[in-house]
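For reference, the structure discussed in these notes is given below.
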Amino acid sequence: MSPATLDHAGIAARIPHHGDMCLLDAVTAWSADHVVCRAVGHTDPAHPLRAHGRLGAAHGIEYAAQAMAVHGALVAGTEAAPRQGYLTSVRGVTLHAARLDDLPGPLDVRAERLSGDASNVLYRFTVAHAGRCLLEGRAAVVLDAESL
C-alpha cells in the first residue's frame, strides 16, 4: 500500500528527477485522480532553473510535471519509479504571475488526471501560492514512448 503523504526523499525515490532537480518537497494529499504537492525551494538563489536572476512563472510547468510523475508512481503502488513518461504537450496554459522566486512561503502544486489509458494520460494542473493561482493548464503525457 502506498503512503498517504511523502517527504522529499520519498518523492525523489519515485521520480526520475534527482538532486537539485527534484523540485517538490512533499506530497500532502493524493487519490487515484489527483495529487497535491508542496514546494519551498523556488526562492533559492541557486535554483537549477533560475536564469537571468529570476525564476519565471512558466517554470511552474516543471513543478506540475513532477507532480504528475509522482502521482503515476503512487497510483502504481510501487516503491520504484513509475514507467517512463514524456510530457508531449501543454495546452491552455495561463500565467497569472510573472515569476515564482519573489513569493515567500510554499507553492501548492496540484495535478488532476482527466483521462488516460495504458499509453497516454491527460492532466489539468495548477500552481498556487497562498491561495492565489499563479499558473494553470493541461498537459499530455505519453508513457513508455520508446515502446510505441
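The values are calculated or read from the model by the stated rules, or taken from the named source; none is laboratory data. As the structure is a prediction and not an experimental result, all values here were calculated from the model. Cβ placement follows ideal geometry from the backbone for every residue including glycine, while neighbour counts extend to all protein chains displayed.
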Taking the stretch 85-100 and keeping residues modelled with pLDDT under 95 and surrounded by 14 or more Cβ atoms within 10 Å (Cβ to Cβ) leaves 85, 87
Farther than 23 Å from residue 114 by Cβ and buried (at least 19 other Cβ atoms within 10 Å of the Cβ): is that true of residue 37 in this structure? no
Modelled with pLDDT of 95 or more, under 29 Å from residue 117 (Cβ atoms) and part of a loop (DSSP other than H, G, I, E, B) - does that describe any residue in the stretch 51-69? no
Go through the residues of the stretch 16-30 one by one and say whether even a single one is in a helix (DSSP H, G or I) and surrounded by fewer than 13 Cβ atoms within 10 Å (Cβ to Cβ). yes
Residue under question is residue 103, and the condition is that it be in a loop (DSSP other than H, G, I, E, B) and crowded, with 17+ Cβ neighbours inside 10 Å; does it hold? yes
Selection status of residue 73, in contact with a helix residue (DSSP H, G or I) (Cβ under 8 Å, 6 or more places away or on another chain), outside any strand (DSSP E or B) and of a type in the set (Gly, Ala, Ser): no
Yes or no: the stretch 129-145 includes at least one residue that is surrounded by fewer than 14 Cβ atoms within 10 Å (Cβ to Cβ), basic (Lys, Arg) and at pLDDT 95 or above. yes
Selection within the stretch 94-115 - touching a Leu at 6+ places or on another chain (Cβ under 7 Å), touching a residue at least 12 places away in the same chain (Cβ under 8 Å) and farther than 20 Å from residue 55 by Cβ: 114
Quick check on this structure: which one of 51, 32 is over 15 Å from residue 109 (Cβ atoms), out of contact with any Lys or Arg (no Cβ under 9 Å at 6 or more places or on another chain) and not charged (D, E, K, R)? 51
With the structure loaded, tell me whether residue 51 is free of Cβ contacts under 8 Å to residues at least 12 places away in the same chain and surrounded by fewer than 16 Cβ atoms within 10 Å (Cβ to Cβ) or whether it fails that test. yes
Scan the stretch 111-125 and give yes if some residue there is over 17 Å from the mean Cα position of the chain (by Cα), aliphatic (A, V, I, L, M) and loosely packed, with under 11 Cβ neighbours inside 10 Å, otherwise no. yes
Being touching a residue at least 12 places away in the same chain (Cβ under 8 Å), touching a Phe, Trp or Tyr at 6+ places or on another chain (Cβ under 6 Å) and closer than 14 Å to residue 109 by Cα narrows it down to one of 64, 58, 69, 26, so name that one. 64
Condition check for residue 76: touching a Lys or Arg at 6+ places or on another chain (Cβ under 8 Å), at pLDDT below 95, aliphatic (A, V, I, L, M) and surrounded by 18 or more Cβ atoms within 10 Å (Cβ to Cβ): no
